[in-house]
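First up is the structure itself, then whatever we jot down about it.
The values are calculated or read from the model by the stated rules, or taken from the named source; none is laboratory data. Keep in mind that what you see is a predicted model, and the values were worked out from it rather than measured. Reconstructed Cβ throughout: ideal geometry from the backbone, glycine too, with neighbour counts over all protein chains shown.
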Amino acid sequence: MPYEPPPTGRRKRPAFKRALYAGYIVGTMVLLCVLAVLLFQDTLVNRFIKPRITKAFADAYPAYSLRIADMNYNILKNRLGFDSVALSAVDGTFSSTMGRVSVSGIGWLHMIWSGTAKSRDFADAMAESQDAVLNLSQSHSTLHFERLHVSVPDSEIVIDSMKFHPSGDDEQFFGESKSRSTRFRAHVPMVRVRGIACLKMLEEKVYSARSVAIRDASIDVLVNKDKPNNREAASPLMLNEMLTSVKETLRIDSLIILDGRVKYSERFEVGAKPAWITFDHIRMVTVGIVNRGTRGAALYVQAQWNLANAGTMKLLMSIPIVSPGCSLQYTGSLSAMNLSAFNSFLEVSDRMRIKTGVLESVSFDVNIVSGRASGTVRGIYKDLSIAAIDKYTRSEKGFSNGVASWIANTFKINRNNIPDKSGSIRLGKVNYRRTQEDSFVNVVWFSLRTGVQDVGGF
């Protein structure tokens, strides 16, 4: 048998080199692709991703129009950004714009590979939007906030500097309607929602949160009573009706308002000075905000504020959730104050000025069932006197004003209401029935007012 030398492996080197070269080529291509993604990711996102987003939105929501400015993606931080976003209704009912928008923490790779979106893909998601403006053409109003931050892992939503106001001035706003309307201007420096189930909200349409905190909010309200009520308008919904009208499940354990302020005004002539009163340093806690529940489910409100910068008012309120129509119960009190603090409102609304009068205390207990209010008001005050004044000059002078003031102080009002030796005192009777035009706040105040008028003899 002839001798055969052992194999040296030299014949296999060309194959090894070819494999090595092929590896180099593949690695280079992968590296070039990675570099292309890193260096030109914004171009790729705007070229391929953005058109798909706008098309998918247009197909899903043909009644709305979505416009997206340049997009950018940071692969290292897994953050997708939009320079600006504009959304509007095709019928012109609303339009909105947002400044810079960023979304991070979404499991894009799993969504791309599987072709579906699961809740776990959003478990670490965070979104932030800046300088958002929503224009509501039907209500002629604008909503604006500087920053909106949503964090799924923290179960939190934060809104900074939220503002709501008419699109124009007061005359433009009131000029849009021939009937009476209410203008709101609001500024809320911060709203913080905690314990919100973001994923459950997306999956099951369940809107739940542990707490909503509103700090330093200020609201300015103006009613143009120079115009008549709209008799053909539907009756305003009561608070419980507003909640039950929401189709999705809603549950907020507590709503907390800290150091709020409300200025309420009524004008009786165009361009004239309105009647006004303030509610300062409002502190309110509302618990049990739900739109579904058993027959005994109720919403509870505990509040305190400084009334007209003079007295401290406290309120406890219970509102049945499932009870139809207008039903609620509330009690409260008002501390000692000088009654002339109400002149900023009374001089314009009633052409009346409180000259003297010191309130020691007021307590009230009101029960409203199906729009019919009953209850009592206990007010202790002394030395009450009033004066009729001129509509335009606000002067007490004049024969007619003098006669009206004398009749009121002599025969109509109860100038003093203090306990006698036995401790008994005149109680005001609450007797009011809700009208078609009454809102929730109207019902609460008008009911209480009947008891106050009964005590004072107005």
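With respect to the conditions (1) touching a Phe, Trp or Tyr at 6+ places or on another chain (Cβ under 6 Å); (2) under 18 Å from Arg434 (Cβ atoms), Ile368 falls short on a single one, namely (1).
Which members of segment 47-73 meet the condition of being assigned to a helix (DSSP H, G or I), among the aliphatic types (A, V, I, L, M) and either touching a residue at least 12 places away in the same chain (Cβ under 8 Å) or surrounded by 14 or more Cβ atoms within 10 Å (Cβ to Cβ) (or both)? Reasoning before the result, please.
Taking segment 47-73 first, the residues assigned to a helix (DSSP H, G or I) are 47-60.
After this cut, where a residue has to be among the aliphatic types (A, V, I, L, M) as well, the list is 49, 53, 56, 58, 60.
Across segment 47-73, the qualifying residues are Ile49, Ile53.
For the condition free of Cβ contacts under 8 Å to residues at least 24 places away in the same chain, more than 20 Å from Lys429 (Cβ to Cβ) and small (Gly, Ala, Ser), Ser340 qualifies.
Restricted to segment 275-386, the set of strands (runs of 3 or more DSSP E) holding at least 2 residues that are surrounded by fewer than 18 Cβ atoms within 10 Å (Cβ to Cβ) and within 24 Å of the chain's Cα centre (by Cα) comprises 275-290, 298-307, 311-320. In segment 161-197, the residue that is modelled with the highest pLDDT out of those that are touching a Ser or Thr at 6+ places or on another chain (Cβ under 7 Å) and assigned to a loop (DSSP other than H, G, I, E, B) is Gly195.
Annotation note: of Thr435, Thr410, the sole residue that is part of a loop (DSSP other than H, G, I, E, B), β-branched (Val, Ile, Thr) and surrounded by fewer than 13 Cβ atoms within 10 Å (Cβ to Cβ) is Thr435.
Suppose the filter is on the phi < 0 side of the Ramachandran plot, surrounded by 15 or more Cβ atoms within 10 Å (Cβ to Cβ) and touching a Gly at 6+ places or on another chain (Cβ under 7 Å); does Ala217 pass it? The answer is yes for Ala217.
Consider segment 241-269 and keep the residues that are under 16 Å from the mean Cα position of the chain (by Cα) and not in a strand (DSSP E or B). The one that is surrounded by the most Cβ atoms within 10 Å (Cβ to Cβ) is Leu243. Return the only residue of Ser129, Ser155, Ser167 being in contact with a Cys (Cβ under 8 Å, 6 or more places away or on another chain), touching a residue at least 24 places away in the same chain (Cβ under 8 Å) and polar (S, T, N, Q). Just a single option satisfies the conditions, and that option is Ser155.
Only one of these is small (Gly, Ala, Ser) and under 29 Å from Asp383 (Cα atoms): Gly296, Gly311, Gly288. Name it. Can you show your working first?
Working: Gly296 fails: under 29 Å from Asp383 (Cα atoms); Gly288 fails: under 29 Å from Asp383 (Cα atoms).
Testing whether each residue is small (Gly, Ala, Ser) and under 29 Å from Asp383 (Cα atoms) leaves just Gly311.
Given the residues Val441, Val452, which is the only one that is closer than 19 Å to Leu239 by Cβ and outside any loop (DSSP other than H, G, I, E, B)? Testing whether each residue is closer than 19 Å to Leu239 by Cβ and outside any loop (DSSP other than H, G, I, E, B) leaves just Val441. Against the conditions (1) at negative phi; (2) touching a Ser or Thr at 6+ places or on another chain (Cβ under 7 Å), Asn309 satisfies every one except (1).
Confirm whether Ser447 is loosely packed, with under 13 Cβ neighbours inside 10 Å and more than 27 Å from Ala272 (Cβ to Cβ). No, not satisfied.
Among the residues here, Phe184 qualifies as within 29 Å of Gly288 (Cα to Cα), surrounded by fewer than 16 Cβ atoms within 10 Å (Cβ to Cβ) and of a type in the set (Phe, Trp, Tyr).
Restricting Ala373, Ala341, Ala404 to residues that are touching a Phe, Trp or Tyr at 6+ places or on another chain (Cβ under 6 Å) and among the hydrophobic types (A, V, I, L, M, F, W, C) narrows the list to Ala373.
Of everything in segment 389-407 that's within 45 Å of the chain's Cα centre (by Cα) and in contact (Cβ under 8 Å) with a residue 12 or more places away in the chain, which residue is surrounded by the fewest Cβ atoms within 10 Å (Cβ to Cβ)? So the residue we want is Lys391.
The strands (runs of 3 or more DSSP E) found wholly in segment 76-118 include none carrying at least 3 residues that are within 20 Å of Ile157 (Cα to Cα), at pLDDT below 80 and in contact with an Asp or Glu (Cβ under 8 Å, 6 or more places away or on another chain). Got at least one residue in segment 142-152 being farther than 24 Å from Ile256 by Cα and either free of Cβ contacts under 8 Å to residues at least 40 places away in the same chain or in a strand (DSSP E or B) (or both)? Yes, segment 142-152 has at least one match.
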